[in-house]
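*Asks:* Mind having a look at this structure? Questions to follow.
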Amino acid sequence: MPPQPLAEDAIANRSLDDLNRDSPFKPVFFALDSAELDEAGRAVATASAQLLRKYPTWVITIEGHCDERGTAEYNLALGERRAVAVKTYLASLGISPDRIRTVSYGKEFPFDPGHDEAAWSKNRRAHFVITSK
């Protein structure tokens, strides 16, 4: 029987698909009509920076998302500002911007399909995808 990997290596040994399906990254959530990181958002981004330091070969894409309100054009621009805000914050923590891509999906891929504030608050987010390791 082969030796089991150390628990510490459990993340490193997973495939990209598995990592993204059960991501070690948490999303950063935003207030309505905002691309500013609040205290909770900075805490989540700081934890993401720690992961990126631990796995220095990982490259990520930060997806900017919005709720369903607003025009498609407005939401694409807001989603881009959200993704860039998180990238800029990660760079301020010493993560190389070369390891971070950004994309905006506006309102096209809601996390919660509901049509109320509870759903919308989950959809206003920056979502991390590991694109290479």
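Just so you know, all these numbers are worked out from the coordinates, no wet-lab data involved. Everything quoted here is computed from the prediction, not taken from an experiment. Quick reminder, even Gly has a Cβ in these numbers, built from the backbone with ideal geometry, and neighbours come from all protein chains shown.
*Asks:* Return the calculated 222 nm mean residue ellipticity for the chain, to the nearest 500 deg cm²/dmol, obtained by summing -39500 (n - 2.57) across DSSP H runs with n ≥ 4 and dividing by the residue count.
*Replies:* Theoretical 222 nm ellipticity from helices: -12000 deg cm²/dmol.
*Asks:* Run the paramagnetic zone check for residue 14: 7 angstrom along Cα to Cβ, then residues of the range 47-74 with backbone nitrogen under 12 Å.
*Replies:* none
*Asks:* Here's another thing I want to ask about it. Out of residues 5 or more away from residue 101 or on other chains, whose amide H comes under 5 Å of its own, with H placed 1.01 Å from N in the peptide plane?
*Replies:* 60, 61, 62
*Asks:* Still on this structure, I have one more. Provide Rg and Dmax in Å for the chain, with only Cα atoms included in the calculation.
*Replies:* Final numbers for Rg and Dmax: 15.6, 57 Å.
*Asks:* Take the alpha-carbon centre of the range 102-127, take the same for the range 33-73, and report the distance between them in whole Å.
*Replies:* First find each Cα centre; the distance between them is then 13 Å.
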